[in-house]
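Down below is the structure, laid out as structure tokens.
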Amino acid sequence: MGAGGGVDATETASFPDWSRLPLDPLLVVMAALEAPDLVRSGGACSSWRAAYATVRRLRIPTAESPPCLFYPRADDAAAAGGDTDAATIFNPATGASFRVRLPDPPLRRRSLHGSGHGWLVAADEASNLHLVNPLTGAQHALPPVTGLHNTELAHSDEQGNPMYNVYEVEYLSTEPEPLAYAASELRLYMYFKAVLSCSPCAGSSCVVLLLHQPDGELSFARLGDEAWTWIGGDEYYDGEVDGGEDWLLEGYRDAVYNEKDGLFYVLGYGADIITLDLKGNSPVVKKIMKDVTNQDDLTKYLVITPWGDLLQVWRMTDSRSSTTQVQRSAEGMEDCDVGIGMEDSDVEVPEDPNHELCTEEIQLYKVDIDNQKLVRITSLGDYALFLGLNSTMILSTKDFPTLKADSAYLAHDNLEDILIHTYSGKEIGIWNFRSGTLEVVDNVHSWQNWPVPIWITPSLC
């Protein structure tokens with residue numbers, strides 16, 4: 001130090017000036033970074049910001065990022081002076097976290113219904129879906145909820161908020177009857193999960209498959225479409241319909257896209273599987289696995305493994321009273337007082353305000369299509385699953401050695417629980433297949449329970 005307490009010229013010269021690093025080697029370094037670290041590096045100084053812009057503009061391939069947990073932190077709003085757009089991307093492999101802001105509408109006024117290729121599928125307060133990249137802030141509108149075959153705008157409530165009619169065939173009825181829903185309530189009832197075929201950066205080549213009410217029906221849209229295309233019945237079926245009777249495509253619980261054959265694989269509540277070919281002018285449906293169970297009191301996932309197998313994952317949960325303090329934003333406190341989109345008279349107050357679902361068991365099955373059966377397996381070996389509202393992912397722990405092998409990284413995704421206990425506790429953990437136990441995810445900050453935390457693979461495109 002100099003006599004006046006400052007840094008003298010000799011000491012300053014001993015520190016390299018990284019802002020003067022030439023562009024070419026800087027691009028090489030940036031290309032080796034995972035997406036969140038690359039975004040962070042772009043904020044270091046003006047020259048690095050210019051290099052980051054070059055990486056984005058030229059679409060230079062960057063290091064593959066492991067799945068991260070996207071969630072609203074409990075202290076974000078206070079720390080940011082009321083910034084309700086802020087969220088955190090947490091990397092469970094390294095323990096590092098990265099703060100992001102979403103474009104309008106504010107994050108805590110959205111609900112999440114899927115993720116894939118680095119993009120979130122989020123619904124606004126009018127129950128309309130958008131694709132949002134939390135790293136870049138890019139956003140694309142999908143067809144409105146009234147673009148679904150069974151939904152129409154009915155009227156407005158006393159506050160001027162839209163009300164929708166959803167047409168469903170009630171028990172012992174033959175004709176669809178309208179059921180009225182407030183806009184912000186409809187999104188939690190209507191949407192099961194949205195699955196993307198590829199990054200929205202591909203434009204109209206990106207297909208979004210939507211599993212929705214009633215009872216897991218299927219609709220799809222390409223970027224730029226004005227309405228959802230309903231895949232409604234046996235007119236799309238390739239082959240003989242079971243029993244020779246009219247066949248309605250419903251009861252589906254999960255879906256994945258296979259990049260190798262360009263087909264969506266869709267899992268039914270009976271563990272049955274169909275494929276969807278959406279490449280032509282009209283959808284083509286083919287059933288490849290028959291119903292093998294009537295058990296629908298658990299969450300089922302479909303996985304396409306890197307070695308080509310189809311797996312089914314069955315997740316059993318049970319409710320418990322959590323001792324963890326439930327964190328709510330100011331908006332959440334307001335909505336929790338009267339229920340989402342409901343009047344006070346419609347609110348059913350939960351018996352246990354600390355209600356939380358906890359995973360009790362996870363079962364793995366290999367799908368044997370030739371013999372039309374499921375074969376129980378007990379291990380994933382050197383692989384890890386990521387389960388939740390996201391498109392299900394499976395990664396090699398040899399490629400990401402800091403991930404735990406033979407495990408499933410879990411986020412909350414029970415749709416009924418989210419609808420009824422919107423602001424109650426949400427499970428985040430790691431299921432160990434060897435021990436059959438649930439472990440706590442280390443280093444996760446305190447999170448808000450709305451919107452529901454979700455796994456996402458950060459991407460700049």
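The values are calculated or read from the model by the stated rules, or taken from the named source; none is laboratory data. Keep in mind that what you see is a predicted model, and the values were worked out from it rather than measured. Cβ coordinates were reconstructed from backbone atoms using ideal geometry, including for glycine residues, and neighbour counts include every protein chain displayed.
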Residues of segment 144-171 that turn out to be surrounded by 13 or more Cβ atoms within 10 Å (Cβ to Cβ) and farther than 25 Å from residue 209 by Cβ, as a count: 5
Could you tell me whether any residue of segment 434-450 is in contact with an Asp or Glu (Cβ under 6 Å, 6 or more places away or on another chain), assigned to a loop (DSSP other than H, G, I, E, B) and either aromatic (Phe, Trp, Tyr) or more than 22 Å from residue 256 (Cα to Cα) (or both)? yes
Taking the stated definitions as given, is residue 166 in a strand (DSSP E or B) and in contact with a Lys or Arg (Cβ under 8 Å, 6 or more places away or on another chain)? no
Free of Cβ contacts under 8 Å to residues at least 24 places away in the same chain and more than 29 Å from residue 275 (Cβ to Cβ), is that true of residue 453? no
Odd one out for residue 406 among (1) touching a Gly at 6+ places or on another chain (Cβ under 7 Å); (2) crowded, with 19+ Cβ neighbours inside 10 Å: (2)
Please determine whether any residue of segment 136-157 is hydrophobic (A, V, I, L, M, F, W, C), at pLDDT below 95 and assigned to a strand (DSSP E or B). yes
